[in-house]
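Student: Take this structure first; my questions come after.
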2 protein chains.
Amino acid sequence: MAMEKTKETHPHTLGECTKSILPVRDALEVLSGKWKLPIIISLMFGNKRFSQIAKEVPGITDKMLSKELRELESNDLVKRTVYDSIPVVVEYSLTEYGHSLEIVIKTLRDWGVAHRKRMMVAE
Amino acid sequence: MAMEKTKETHPHTLGECTKSILPVRDALEVLSGKWKLPIIISLMFGNKRFSQIAKEVPGITDKMLSKELRELESNDLVKRTVYDSIPVVVEYSLTEYGHSLEIVIKTLRDWGVAHRKRMMVAE
DNA sequence: GTAAGTAGTATACAAAAGGATAGTGAAAAA
DNA sequence: TTTTTCACTATCCTTTTGTATACTACTTAC
C-alpha cells in the first residue's frame with residue numbers, strides 16, 4: 001500500500017515560508033547587533049555629535065560607536081558631516097532612508113514595552 | 001560671567017531618548033541574532049517538527065536550531081511538545097505570546113522588501 | 001545488511017561581536 | 001601646568017556565534 005508521503009515539494013507551495021524569511025534576513029543584516037537600533041533611535045531625536053551619542057546610548061564604548069556608525073553610513077542610513085571648525089566638529093544625522101525605520105522602531109518599542117511589563121509581572 | 005553649560009541633567013528632560021532605547025533593548029535581548037526571527041516565522045506557518053524547521057530555515061545547522069529553540073522556549077515564545085510515539089515525535093509551536101510578534105515581523109518584513117528593492121536598483 | 005528518518009548531542013574549531021584600557025593631537029579652560 | 005573636550009584609533013582580551021563532522025538509539029523500508 002505504501003501511501004506515498006505527500007512531499008509538498010511541488011513549486012507551488014514550496015518556500016511560502018521561506019519567502020517570508022528572506023526579506024526579514026535582509027533587514028536583519030543591516031540592523032542586527034546590540035547597538036545599531038539604539039544609535040538610530042538616538043538620532044531620531046535630533047542630529048548629534050559623536051560624544052553626544054555616546055552619552056545617550058547607555059553602555060556603548062567609543063570603539064563600538066565608531067564601528068557601528070561607519071556601517072550605518074555605508075548602508076545610507078546615517079549621514080556624517082564634518083564642520084572644519086576648531087576643534088573639528090562631526091555631526092551625525094539620519095538620512096531620509098534612515099527615517100523610514102521609524103515605523104519599524106515604533107513597533108519594536110511597543111512590543112518591548114509590553115514585554116517588560118510581562119516580565120515584571122512574572123518577576 | 002561663565003554661562004554655565006546647560007547640563008540637561010535635570011530629571012525632566014534626561015533620557016527622553018534613553019526611555020525609547022530601553023524597551024527596544026529589551027526586545028532585542030529576546031529576538032536578536034541571526035536565527036530567532038526566521039524560526040518564529042517558520043512556526044507562524046504552522047506547527048513543525050525539528051527537521052521540518054531545519055529544512056525551512058535556509059542555512060541553519062542542527063546545533064543552532066537546537067540552541068535557539070531552547071532559548072525561545074525559555075522565553076515562552078515557543079512551546080515544545082513530545083509525543084511518545086515510535087519513533088518519538090517532537091512538535092514545536094508558537095505560544096500565544098509568540099504570536100504577539102506577528103505585527104513586529106510584518107513590519108520588519110515590509111521594510112526588508114523595500115530594502116531589497118532599493119539595493120537592486122542601486123545594484 | 002544498509003540506508004533513511006526520528007531528534008537531537010558531542011567535539012573541535014573559526015569567525016564575529018563586544019569589552020577594557022590607553023593613546024593621539026590640537027585647543028581651550030582651570 | 002594639568003585637565004578637559006573633541007573624535008576618534010589601537011591593542012588585547014573574552015564571549016558569542018557559527019561551521020563541520022561525527023555520533024546516539026530506535027524503527028521502518030529496501
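The values are calculated or read from the model by the stated rules, or taken from the named source; none is laboratory data. This is a predicted model, so every value here is computed, not measured. In this analysis, Cβ positions are derived from the backbone assuming ideal geometry, glycine residues included, and neighbour counts consider all displayed protein chains. Note: accessible area is taken over every heavy atom of the protein model, side chains too, but ligands, DNA and RNA are not part of it. Shrake-Rupley method; radii C 1.70, N 1.55, O 1.52, S 1.80 Å.
Student: Accessible surface of B:E73 in the full protein assembly, 1.4 angstrom probe, to the nearest 10 Å²?
Tutor: Its accessible surface works out to 80 Å², give or take rounding.
Student: Can you send over the solvent-accessible area of A:H115, 1.4 Å probe, protein chains only, in Å² to the nearest 10?
Tutor: About 10 Å², ignoring ligands and nucleic acids.
Student: Take the rotation relating chain B to chain A, measure from its axis to every Cβ in chain B, and name the nearest residue with the distance in whole Å.
Tutor: Residue nearest the B-to-A axis, with distance in whole Å: B:T107, 2.
Student: From the backbone phi of the range A:93-106, what are the Karplus-calculated ³J(HN,Hα) couplings (6.51 cos²θ - 1.76 cosθ + 1.60, θ = phi - 60°) in whole Hz, Gly and Pro given as x?
Tutor: 9, 7, 6, 4, 5, x, 5, 5, 7, 4, 5, 4, 5, 4
Student: If each of B:T61 and B:I103 carries a label point 7 Å out from its Cα toward its Cβ, how far apart are those two points in nm?
Tutor: The answer from the label model is 3.8 nm.
Student: In terms of Cα to Cα distance under 27 Å, which lysines are near enough to A:K55, apart from those fewer than 8 places away along the same chain?
Tutor: A:K34, A:K36, A:K63, A:K67, A:K79, A:K106, A:K117, B:K5, B:K7, B:K19
Student: So what is the 222 nm mean residue ellipticity for chain A from helices alone, if each DSSP H run of at least 4 adds -39500 (n - 2.57) and you divide by all residues, rounding to the nearest 500 deg cm²/dmol?
Tutor: Dividing the helical sum by the residues of chain A leaves -17000 deg cm²/dmol.
Student: How much net charge surrounds B:D26 when only the other residues with a Cβ under 11 Å from the Cβ of B:D26 are counted, with Lys and Arg +1 and Asp and Glu -1?
Tutor: With Lys, Arg at +1 and Asp, Glu at -1, the neighbours total +4.
Student: Here's another thing I want to ask about it. Cβ under 11 Å from B:K79's Cβ, B:K79 left aside: what net charge do those residues give with Lys, Arg +1 and Asp, Glu -1?
Tutor: -3
Student: Say a label goes 7 Å from Cα toward Cβ at B:G59 in every copy; what distances in nm does this one have to the rest, shortest first?
Tutor: 2.6
Student: Mind putting together the pair-distance distribution for the protein assembly as shown? All Cα pairs, 10 Å bins, whole percent per bin, short to long.
Tutor: 6, 26, 30, 20, 10, 5, 2, 1, 0, 0
Student: Report the normalised scattering of chain B as log10 I(q)/I(0) at q = 0.16, 0.18, 0.19, 0.22 Å⁻¹, calculated by the Debye formula with identical scatterers on the alpha carbons.
Tutor: Values returned for q = 0.16, 0.18, 0.19, 0.22 Å⁻¹ are -0.87, -1.01, -1.08, -1.29.
Student: What is the distance in Å between the Cα centres of the range A:67-123 and the range B:44-84?
Tutor: About 31 Å separates the Cα centre of the range A:67-123 from the one of the range B:44-84.
Student: For A:I86, go 7 angstrom from Cα along the Cα-to-Cβ vector, then report the distances to that same point in the other copies in nm, smallest first.
Tutor: 8.8
Student: Based on C-alpha coordinates, I'd like the Rg and Dmax of the range A:82-123, in Å.
Tutor: 18.2, 53
Student: Related question: Quick one: how many Å² of A:K117 are accessible to a 1.4 Å probe, rounded to 10?
Tutor: Counting only protein heavy atoms, the figure is 130 Å².
Student: Going Cα to Cα from A:K48, which aspartates and glutamates come in below 13 Å? Please leave out same-chain ones fewer than 8 positions away.
Tutor: Result set, ordered by chain and number: A:E56, A:E91.
Student: Okay, next question. Probe radius 1.4 Å, ligands and nucleic acids ignored: give me the carbon and sulfur share of the accessible area of the protein assembly as shown as a rounded percent.
Tutor: 57
Student: Provide an ascending nm list, one decimal, of label-point separations from A:N47 to the equivalent residue in each further copy; define each label point as 7 Å from Cα along Cα→Cβ.
Tutor: 5.6
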